[in-house]
Amino acid sequence: MTNLKIEVQTTIPFDGQKPGTSGLRKPVKQFQESNYTHNFIQSILSGGLDNPAGTTIVVGGDGRYFGKEATEIIIKICAGNKVRKLIVGQNGILSTPAVSSLIRKFHADGGIVLTASHNPGGPDADFGIKFNTSNGGPAPDAVTTAIYKYSTEIKEFRIAPDLNCDIGKIGLEEFQVEGEAFTVEVVDCVENYVNHMKEIFNFDSLRSLIKGDGGSPFSFLIDGMSGVTGPYIRRIFVDELGAPEEFIVRALPLEDFGGHHPDPNLTYAADLVKSLEEGRYSFGAAFDGDGDRNMILGKKGFFCKPLGFIGSYCCKSRLYSIFSKNGYQRICKKYANRSSG
């Protein structure tokens with residue numbers, strides 16, 4: 001095994017690398033500037049983690065343009081900072097909820113999410129990078145402030161420039177970086193998340209509902225908006241729950257989201273709204289680019305508030321395994337009250 005070298009490369013700060021809870025969002029062309037992405041990743045590792053050596057980090061994004069290139073940069077810089085292990089979604093793809101799930105399952109020290117959420121994608125559009133902490137959630141203000149402070153003072157970044165990793169192939173790759181082990185595990189972007197959902201939802205009951213056991217089949221339309229949720233939608237609704245393929249649309253992630261705005265609202269998911277209003281389906285949903293927001297529609301296009309939807313369905317059904325195991329009636333009452341307030 002080749003013993004890869006670490007290089008310490010000098011750099012200067014860029015103005016405006018101040019992340020919020022939704023991370024740093026800028027035009028793609030800015031992230032493509034020499035050292036711009038390198039600086040911010042080094043700032044995450046040194047400012048957000050303090051000491052990245054020996055840590056485990058999850059990496060993935062919504063599949064937008066520049067995501068693969070950014071993933072390769074992250075791998076090289078993490079190796080240069082002696083991170084112990086990276087868990088990377090195949091082809092650099094992981095929804096934001098899937099990143100959170102992987103962080104918690106593997107007790108990782110954090111996650112780097114490559115997304116600009118519902119902003120348009122493509123070479124002339126936007127890119128983004130955000131950091132999730134060890135609890136799986138977005139970095140709090142104290143952490144983002146530390147990241148920003150480091151970015152204003154950065155003088156160098158550490159990188160293993162000769163390290164090459166095939167993120168298209170699922171499996172483990174092990175490297176030696178200046179005598180220390182560095183592991184990249186490329187994972188199926190969907191599998192862990194689906195297993196997590198099976199702990200929350202009763203898939204047998206959902207399968208019976210869709211099939212129409214004891215009544216009429218349940219018809220619905222799910223719109224992935226050409227974002228990261230496409231593979232999750234297909235695996236869960238078609239492969240696991242047995243729904244017809246025609247119940248899902250725009251389920252292939254595209255680097256430019258098909259030229260559309262991946263924002264699940266009444267304007268940008270107008271085709272979904274129209275299909276529900278025409279009465280062809282009893283339920284509809286659309287997801288944003290990175291899969292952490294959605295729009296839910298009922299019959300005739302009735303717009304559902306998310307908290308109200310969760311509360312009412314938990315109270316009326318046994319489709320949610322986790323709620324029935326953990327006092328779901330109390331939980332859904334809490335959410336229903338919050339929704340109506």
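The values are calculated or read from the model by the stated rules, or taken from the named source; none is laboratory data. These figures come from a predicted structure and were not determined experimentally. Positions of Cβ are generated from backbone atoms using ideal geometry, with glycine treated the same way; all protein chains shown enter the neighbour counts. Calculation scope for accessible area: heavy atoms of the full protein, side chains included, ligands and nucleic acids excluded. Shrake-Rupley method; radii C 1.70, N 1.55, O 1.52, S 1.80 Å.
A few comments on the model shown:
- Between 0 and 90°, nearest 10: helix 328-340 axis offset from the chain longest Cα axis: 90 degrees
- Summed side-chain charge close to residue 291 - residues other than residue 291 whose Cβ falls under 14 Å, Lys, Arg +1, Asp, Glu -1: 0
- Within the shell of other residues whose beta carbon sits under 14 angstrom from the beta carbon of residue 185, the net charge comes to -1, with Lys and Arg scored +1 and Asp and Glu -1.
- Interchain or long-range residues, amide H under 5 Å from residue 61's placed H: 93, 94, 114
- Shape call, region 181-273: gyration tensor on alpha carbons, a/c limit 1.5: oblate
- Ligands, DNA and RNA left out, the 1.4 Å accessible surface of the chain is 50% carbon and sulfur atoms.
- Dipole of region 130-278 [Lys/Arg +1, Asp/Glu -1 at C-beta], most positive-end residue of 215, 181, 131: 215
- At most 13 other Cβ within 10 Å, DSSP loop - GluC sites (Glu not before Pro), region 203-310: 278
- Beta bridges per DSSP with both ends in the chain, % antiparallel, nearest 5: 55 percent
- Between 39, 51, 22, the Cα set farthest toward the positive side of the dipole of region 8-69 (charges on each charged residue's Cβ, about the Cα centre) is that of 22.
- Share of Cα-Cα pairs in region 210-261 lying beyond 12 Å, as whole percent: 62 percent
- Using the Cβ of residue 76 as centre and a radius below 12 Å, the other residues enclosed give a net charge of -2, where K and R count +1 and D and E count -1.
- Shape of region 32-112, Cα gyration tensor, a/c cut at 1.5: oblate
- Relative intensity, log₁₀ I(q)/I(0), of the chain from a Debye sum that treats every alpha carbon as a point, q = 0.13, 0.15 Å⁻¹: -1.00, -1.24
- Accessible surface, per residue, of region 9-149 when the full set of protein chains is kept, probe 1.4 Å, Å²: 35 Å²
- A dipole drawn for region 256-307 from +1 and -1 charges on Cβ atoms has a positive end, and of 262, 273, 301 the residue lying farthest that way is 301.
- Relative to the Cα centre, the charge distribution of the chain, modelled as +1 at Lys and Arg Cβ and -1 at Asp and Glu Cβ, gives a dipole magnitude of about 1520 debye.
- Nearest 10 degrees, 0 to 90: helix 67-80 Cα axis against the chain principal axis: 50 degrees
- Over the C-alpha trace of region 134-205, radius of gyration and Dmax come out as 18.6, 57 angstrom.
- What separates the Cα centres of region 128-199 and region 49-108 is a distance of 2 Å.
- Out-of-range pairs (alpha-carbon distance over 19 Å; input 26/68; 76/169; 29/76; 18/105; 68/155): 29/76; 18/105; 68/155
- For the chain, adding -39500 (n - 2.57) for each run of n ≥ 4 DSSP H residues and dividing by the number of residues yields -9000 deg cm²/dmol at 222 nm.
- Region 1-141 shape via C-alpha gyration tensor axes, a/c threshold 1.5: rounded
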